[in-house]
Amino acid sequence: MDFSMPPDLRELQARVRAFIAEQVIPMERDPRCGAHGPSEELRAELVARARGAGLLTPHASRELGGLGLGHVAKAVVFEEAGYSTLGPTALNVHAPDEGNIHLLEVVATPAQKARWLRPLVDGAVRSCFCMTEPPPGAGADPSMLATSAVRDGDDYLINGVKWFITGAQGAGFAIVMARMEDGSASMFLTDMDRPGIEVVRTMDALDACFTGGHGVVRFRDLRVPATDVLGEIGQGLRYAQVRLAPARLTHCMRWLGQARRAHDVALDYARRRQAFGHALGEHQGVSFMLADNEMDLHTARLHIWHTAWLLDRGERCNFESSRAKVVCSEAEWRVVDRSVQILGGQGVTHEQVVARIFSDMRAFRIYDGPSEVHRHSIGRKIMAGRSDASLRRQAGAATT
């Protein structure tokens, strides 16, 4: 694995870093940043800035107007975008749109791409992904899917309730996962203004980084034409993995940028703040936390780059994706938690961005599969002898 960065990617990294520093970070205290994320007006302004800089939706294919980035290139760009709480929104690489763009590029028909994907890539609309349900429906266990889809002539009628649906309020369209009459699952595309869809409420949450917040969505006899089925009927759970495996990794990339930002703020404070006759960072207790931060950031980045490298080679990386999700979510959380501690009283107020990052990041250890579920999955694969595919290949090559 070559860790050197090609010149074109290094130049792109510098462009994104400068854009975030000069045009995005100054907007972080804009009053249009509310409890449920940046407003639509602010999002549109940020998107316009990224479009003007030639950095909008860089992960989309060149045919759609993106930069066609591979996974390793995304690791570099998304980390830089994540350095600001508004960066992913500006570049249109935020969740859930980033994952939905990837899924639609892989699965959608040409007509569906023209209707839903192109406006999403252009930043003209937002989307949401409706999978998670209140008990007894699907959460970490997708097999418990309760929302139903029943064939009715040339349409399907969808009924059910979803919650924790990121970006539901104000989204232009949704991808809805529903159970079929035979017990399989399918995905459906629907405009959010169709009769039968109700955003019941926006849930109060710790984070404030996603436009539209997290909503409760009810479907009552939502009529979806068969032409709006995403992919093949009955293949919804397979398509979920097409979306979720890379999306887990892009979360790791973006939050790595946030963790690095928190560390940089804490380091600057540790250099300037005096205590007991010395700079704060000269005291062993603080210097050890800074050292641990550096090691956790490096560990997270290595896991991201390794998994991204495998994905760029066309490998199936469910094991590595799960491992990276756990390692990165917990390592990056430790970095932010230590940064709060180093900042002391400043760390628990919004005088510093670190408190905001702390609140925003906590859910990362839960969404796209909580750490405990991924550990269980990793453990089962280890017991079955199906662990890291790359290590297995290396071991096989060494014995031949």
query = Hey, in the GNM for the chain with a 10 angstrom Cα cutoff, which one of Cys252, Cys317, Cys130 fluctuates hardest?
reply = Cys317
query = Where a Cα-Cα gap under 27 Å defines reach, which lysines qualify for Lys162, not counting those fewer than 8 residues away within the same chain?
reply = Lys113, Lys325
message = Could you tell me the center-to-center distance, by alpha carbons, between the stretch 134-177 and the stretch 201-250 in angstrom?
response = 7
inquiry  = Using Cα-Cα distances under 8 Å and only pairs 6 or more residues apart, what relative contact order does the stretch 237-398 have, in percent?
reply    = 27
note = Taking Cα atoms only, helix 7-19 is inclined relative to the longest principal axis of the chain by an angle, in degrees rounded to 10, of 90
inquiry  = Rounded to whole Å, give me the distance from the Cα center of the stretch 315-365 to that of the stretch 1-63.
reply    = 20
ask   = Among the GluC sites (Glu not before Pro) within the stretch 1-51, which fall in a DSSP loop and have no more than 13 other Cβ atoms within 10 Å of their own Cβ?
value = none
remark   = Rounded to the nearest 10, the angle in degrees between the Cα long axis of helix 318-343 and the longest principal axis of the Cα atoms of the chain comes to 40
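Report for the chain the percent antiparallel among DSSP-assigned beta bridges with both residues inside it, nearest 5.
85
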task = Could you work out how far helix 97-107 tilts from the main Cα principal axis of the chain, as a 0 to 90 degree angle to the nearest 10?
result = 50
message = To make sure I understand, if each residue's beta carbon is the centre and we count other beta carbons within 10 Å, what order do Lys162, Lys381 fall in, fewest to most?
response = Lys381, Lys162
ask   = Which ordering of Trp255, Trp333 is given by a fewest-first count of other beta-carbon atoms within 10 Å?
value = Trp333, Trp255
Relative compactness, the chain, computed as alpha-carbon Rg over 2.2 N^0.38 Å = 1.00
query = Rounded to the nearest 500, what is the chain's calculated 222 nm mean residue ellipticity when only DSSP H runs of at least 4 contribute -39500 (n - 2.57) each, over all residues?
reply = -15000 deg cm²/dmol
key: Loop sites in the stretch 322-364: GluC sites (Glu not before Pro), DSSP, at most 12 other Cβ within 10 Å   = Glu351
task = Could you run the Karplus curve 6.51 cos²θ - 1.76 cosθ + 1.60 with θ = phi - 60° over the stretch 130-145 and give me ³J(HN,Hα) per residue in whole Hz, x for Gly and Pro?
result = 9, 10, 5, 10, x, x, x, x, 6, x, 5, 9, x, 5, 8, 3
task = Report ³J(HN,Hα) in whole Hz for each residue of the stretch 111-124, in order, from the Karplus equation J = 6.51 cos²θ - 1.76 cosθ + 1.60 where θ = phi - 60°; Gly and Pro get x.
result = 5, 5, 5, 5, 7, 10, 6, 4, x, 5, 5, 6, x, 6
note = Unpartnered Cys in the chain, judged by a 4.7 Å Cβ-Cβ cut-off, are Cys33, Cys128, Cys130, Cys209, Cys317
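Quick note: the coordinates plus some simple rules give every number you see, no bench work behind them. No experiment lies behind these values; they were computed from the predicted model shown. As a convention, Cβ positions derive from the backbone with ideal geometry for all residues, glycine included, and neighbour counts pool all protein chains shown.
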